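S.K.: My structure is below; once you've seen it, I'll send some questions.
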Amino acid sequence: MGEMAAGLAHELNQPLAAIVNYTQGCVRRIAQAPGTSQHELLEALRQVTQQAQRAGEIIRHLRNFVSKSGQQLSRTAFNPLIRNVLNIAAMEVRKNRVVVRLRLSEPLPEIEVDIIQIEQVLLNLIRNGIEAMAASTDPKELLIRTTKNERNEVEFSITDHGEGIPSEADFARVFDAFFTTKSQGMGMGLAISRSIIEAHHGKLWVRRNTTQGVTFYFTLPAAPE
């Protein structure tokens with residue numbers, strides 16, 4: 001029950017933080033520029049609505065995942081999921097002055113997944129990369145790649161140039177629930193992500209880069225013919 005509660009809190013943090021950012025932006029615009037156009041405010045409010053709806057979807061899908069009541073599988077292309085998640089994370093990317101570079105292979109096999117769950121994995125890994133580079137000097141760069149491997153699986157990787165994981169003990173525990181090297185946080189993101197990927201018959205792992213930072217990888221099987 002403790003892991004479920006912590007996991008739910010972790011997953012809801014992103015959309016709730018986005019709602020706060022968008023509403024604060026609206027307040028600032030109204031206070032500092034009374035003539036702010038309706039179009040600008042409506043766009044911000046649309047984003048608030050989208051993030052609130054996403055929070056509801058996260059609750060429903062995570063509840064299904066924890067209760068084993070079944071994933072809501074959909075056949076889909078993979079690369080568009082990445083672009084959608086980057087749109088969700090756009091404010092955090094800009095705020096932290098991160099440059100995202102994409103090397104997305106086409107065509108890739110379609111996958112059959114619970115879209116909300118896989119998007120949460122992508123969001124967790126992107127946020128993890130951003131946070132890893134928080135103390136780094138510019139340029140801060142995330143490299144995101146997709147490809148098809150020799151087993152006809154879709155393979156995703158995300159490379160950051162942050163501080164990395166210097167301790168072997170920490171490296172061995174990086175996917176453990178409630179383990180974190182951060183001063184704030186509950187250490188649930190990677191544990192949840194691994195559980196979700198494995199529930200989709202994939203694999204999630206991490207490697208140190210030769211220079212600095214780390215690269216996270218995961219695979220997902222191609223959808224059946």
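The values are calculated or read from the model by the stated rules, or taken from the named source; none is laboratory data. What you are looking at is a predicted structure, and each value in this text was computed from that prediction instead of being measured. Backbone-built Cβ (ideal geometry, glycine too); neighbour counts: all protein chains shown.
S.K.: Just checking, which of 99, 85, 113 is of a type in the set (A, V, I, L, M, F, W, C) and touching a helix residue (DSSP H, G or I) at 6+ places or on another chain (Cβ under 7 Å)?
M.R.: After applying the criteria, what remains is 85.
S.K.: With respect to residue 142, determine if the residue is modelled with pLDDT of 95 or more and either farther than 29 Å from residue 225 by Cβ or of a type in the set (Asp, Glu) (or both).
M.R.: Considered against the rule, which asks whether it is modelled with pLDDT of 95 or more and either farther than 29 Å from residue 225 by Cβ or of a type in the set (Asp, Glu) (or both), residue 142 comes out as yes.
S.K.: Any chance segment 166-188 includes a residue that's modelled with pLDDT under 90, touching a Ser or Thr at 6+ places or on another chain (Cβ under 8 Å) and not in a loop (DSSP other than H, G, I, E, B)?
M.R.: Yes; the residues of segment 166-188 include at least one that is modelled with pLDDT under 90, touching a Ser or Thr at 6+ places or on another chain (Cβ under 8 Å) and not in a loop (DSSP other than H, G, I, E, B).
S.K.: From the list 121, 113, 154, 100, exactly one residue is assigned by TED's automatic domain parsing to the domain that holds residue 189, of a type outside the set (Asp, Glu) and within 12 Å of the chain's Cα centre (by Cα). Which is it?
M.R.: None of the other options fit; the residue is 121.
S.K.: Filter segment 37-59 for residues that are small (Gly, Ala, Ser) and at pLDDT below 70 and give the result.
M.R.: Listed by number, the list holds a single entry, 56.
S.K.: Right, here's the next one. Quickly run through segment 60-85 and pick out the residues that are modelled with pLDDT under 95, surrounded by fewer than 18 Cβ atoms within 10 Å (Cβ to Cβ) and of a type in the set (A, V, I, L, M, F, W, C).
M.R.: 66, 73
S.K.: Are any residues in segment 94-117 at pLDDT below 95 and more than 22 Å from residue 211 (Cβ to Cβ), and if so, which ones?
M.R.: Residues satisfying the conditions are 94, 95, 106, 107, 114, 115, 116, 117.
S.K.: Something else now. With respect to the numbered conditions (1) part of a strand (DSSP E or B); (2) closer than 17 Å to residue 214 by Cα, which one is the sole condition not fulfilled by residue 125?
M.R.: For residue 125, the failing item is (1).
S.K.: Inside segment 204-225, can you point out the residues that are in a loop (DSSP other than H, G, I, E, B), touching a residue at least 60 places away in the same chain (Cβ under 8 Å) and either among the polar types (S, T, N, Q) or within 23 Å of residue 110 (Cβ to Cβ) (or both)?
M.R.: 222, 223, 224
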